[in-house]
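The next block holds one structure in the form of structure tokens; read it before the comments.
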Amino acid sequence: MSGSTAAPSRLSLSELAPHTFQSEIRAMTTECDRMGGINLAQGVCDTPVPAVVEAAAMEAMRQGHNIYTRCDGNDRLRTAIARKQQRDYGLDYDPDREVMVTSGATAGLHVALLALLNPGDEVVLFEPFYGYHVNAIKSVRAVPVVVPLAPPDWQLDTDALRAAITPRTRAILLNTPANPSGKIFTRVELDQVAALCLDRDLFLITDEIYEYFVYEGAEHICPAALPGMRERTIVISGFSKTYSVTGWRVGYMAADARWMPAMSHFHDLVYVCSPAPLQHGVAAGLEQLPAAYYQQIATEHQSKRERLAAALRAAGMEPHIPPGAYYILASSDHLPGKTAPEKARNLMARTGVASVAGTAFFRPGRGENLLRFCFAKQDHHLNEACERLKRN
Ligand code: PLP
């Protein structure tokens, strides 16, 4: 009818839903696959799964462990995680009430944010950051507040951190060892973060997924072990990286019993439980793998780090040497292209090696002169990538 205005359609996305979907990492992966290149863009470690972990998962399937577990995981794995936290960090958690098995660290963070934050609450995190952290905070209608770390060593500026805390701040999110910088927060830095959490009454949410990827004798400190921090720290970690099982979706949280029921509630709603037989596989790893296993993955990855750093340097891309995790941020100053994504694409076109534009880890306008390369790759892939970079 002329003159009438159509009612707005009710078939629309939510205010939260992104209207553009652009994952540079995914785009680079697709392009890399298309040209048969070597993917150092994704943080998927393709190194072998420990035999004991793989065998126990398969055995669990045969034995009929194929039905739902408790939404916070089976007894065996919760107990093994509690023992691990005691063995590694001297932290006591009640496996029945203070440990939750999650569908990866990713689920752990999401349910922690759902359980602890209200819309509009602010969460402080550090730059360079892992994009999932920022998006997970936004996805619960909370507000990420970014505090830059100072290159080249990504040191903490305590004054900047203090200045970022407002009456709306509810939590600090800390990733150590960090993706993409490899930064390991030192005891002094963690003491400063802890002092602020205690003074301003904040939660500390930690992502410690790279806890065993520490090089040259560096020490990973679990911030929950600092005086006064246990009750306010939500420890998040997992097995994706330690046992090379990124597709299994088994991670965990350890936290004071006050917070667990609400976090379990949300884990149940979204995931029901982490895959049942795979929980057994991971539990067998925790029960049976000796300390030497964890030292060996660190030694192997340190050697991979050295090889990749040397190749990047030879190719004119000065690397920031990461003390932990398994990524290198390298300078892209001498590569052709105006923006970091352009430089990453040019490098891939010339060498067939995929990397991630540094801009994925910074606020807009920053990170243009960096590319991130993952070195958690099988030796023949990594060595081939290094050769191609050197020939570039
Ligand atoms: N946290 C960080 C900092 C990561 O880099 C990654 C993967 O790249 C994850 C979490 C994902 O962990 P999960 O596979 O346990 O969800």
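With every protein chain in place, what's the accessible area of Ile321 (1.4 Å probe, Å², nearest 10)?
Roughly 80 Å² of Ile321 is accessible to a 1.4 Å probe.
Which order do peptides 379-386, 329-336 fall in by mean Cβ count within 10 Å, highest first? Walk me through the numbers before you get to the answer.
Numbers: 379-386: 17.2, 329-336: 19.1.
With the highest mean Cβ count within 10 Å placed first, the list reads 329-336, 379-386.
How do Val145, Val44 rank by accessible surface area computed with a 1.4 Å probe, from largest to smallest? Walk me through the numbers on the way to the answer.
On the way: Val145 30, Val44 60 Å².
In descending accessible area the options line up as Val44, Val145.
If the chain between Thr30 and Ala262 were fully stretched, how many nm would it gain, using 0.36 nm times the residue separation less the Cα-Cα distance?
Numbers: separation 232, 0.36 × 232 = 83.52 nm, distance 3.83 nm.
79.7 nm is the gain from fully extending Thr30 to Ala262.
Largest first, what is the accessible-area ranking of Lys84, Lys241, Lys138 with a 1.4 Å probe? Present the calculation step by step, with values, prior to reporting the outcome.
Values: Lys84 5, Lys241 30, Lys138 105 Å².
The most accessible residue leads, giving Lys138, Lys241, Lys84.
Apply the a/c threshold of 1.5 to the C-alpha gyration tensor of the chain and tell me whether it is rounded, prolate or oblate. Before the final figure, lay out the partial values.
Details: a/c = 1.31, a/b = 1.10, b/c = 1.19.
In terms of gyration-tensor shape, rounded.
For the chain, what % of the accessible area comes from carbon and sulfur atoms, probe 1.4 Å? Walk me through the intermediate numbers first.
Numbers: 9230 of 17280 Å².
Summing carbon and sulfur atoms, their accessible area is 53 percent of the total for the chain.
Quick one: net charge of Pro180's neighbours, Cβ under 15 Å, K/R +1, D/E -1?
Details: positive: Lys183, Lys241, Arg305, Arg363, Arg366, Arg372; negative: Glu24, Glu127, Asp153, Asp207, Glu368.
Spelling it out: positives minus negatives among the neighbours equals +1.
Hey, which lysines would be in cross-link range of Lys377, C-alpha to C-alpha under 19 Å, not counting anything within fewer than 8 residues on its own chain?
Within reach: Lys241, Lys304, Lys390.
In the chain, what percentage of the DSSP-assigned beta bridges are antiparallel, given to the nearest 5? Write out the running numbers ahead of the final one.
Numbers: 19 of 40 bridges.
Antiparallel: roughly 50 percent of the beta bridges in the chain.
To the nearest 10 square angstrom, what accessible area does Arg87 show with a 1.4 Å probe?
120 Å²
Would you be so kind as to identify which of Thr158, Val147, Thr69 lies farthest towards the positive end of the dipole of segment 63-288, taking Lys and Arg as +1 and Asp and Glu as -1 on Cβ and the Cα centre as origin?
The residue sitting most towards the positive pole is Thr69.
Can you give me the Cα centroid spacing of segment 1-73 and segment 77-135 in angstrom?
20 Å
For a distance above 18 Å, tell me the whole-number percent of Cα pairs in segment 1-119 that qualify.
Numbers: 5362 of 7021 pairs.
Cα-Cα pairs in segment 1-119 separated by more than 18 Å: 76 percent.
Calculate for the chain the 222 nm mean residue ellipticity that helices alone would give, adding -39,500 (n - 2.57) per DSSP H run of length 4 or more and normalising by residue count, nearest 500 deg cm²/dmol.
Values: 12 runs with 155 residues, N = 392.
After summing the helix terms and dividing by residue count, I get -12500 deg cm²/dmol.
Ordering His301, His265, His19 by how much accessible area each has at a 1.4 Å probe, largest first, what is the list? Walk me through the numbers before you get to the answer.
Working: His301 5, His265 100, His19 135 Å².
Largest accessible area first, the residues go His19, His265, His301.
Can you give the net charge of the other residues whose Cβ lies under 15 Å from the Cβ of Ala55, counting K and R as +1 and D and E as -1? Let's see the in-between values first.
Working: positive: Arg62; negative: Glu54, Glu59, Glu287.
Spelling it out: positives minus negatives among the neighbours equals -2.
The values are calculated or read from the model by the stated rules, or taken from the named source; none is laboratory data. Just so it is clear, the structure is predicted and the values come from calculations on it, not from any experiment. Glycine gets a Cβ as well: all are built from the backbone with ideal geometry, and neighbour counts include every protein chain shown. Heavy atoms of the whole protein, side chains included, go into the accessibility calculation; ligands, DNA and RNA do not. Shrake-Rupley method; radii C 1.70, N 1.55, O 1.52, S 1.80 Å.
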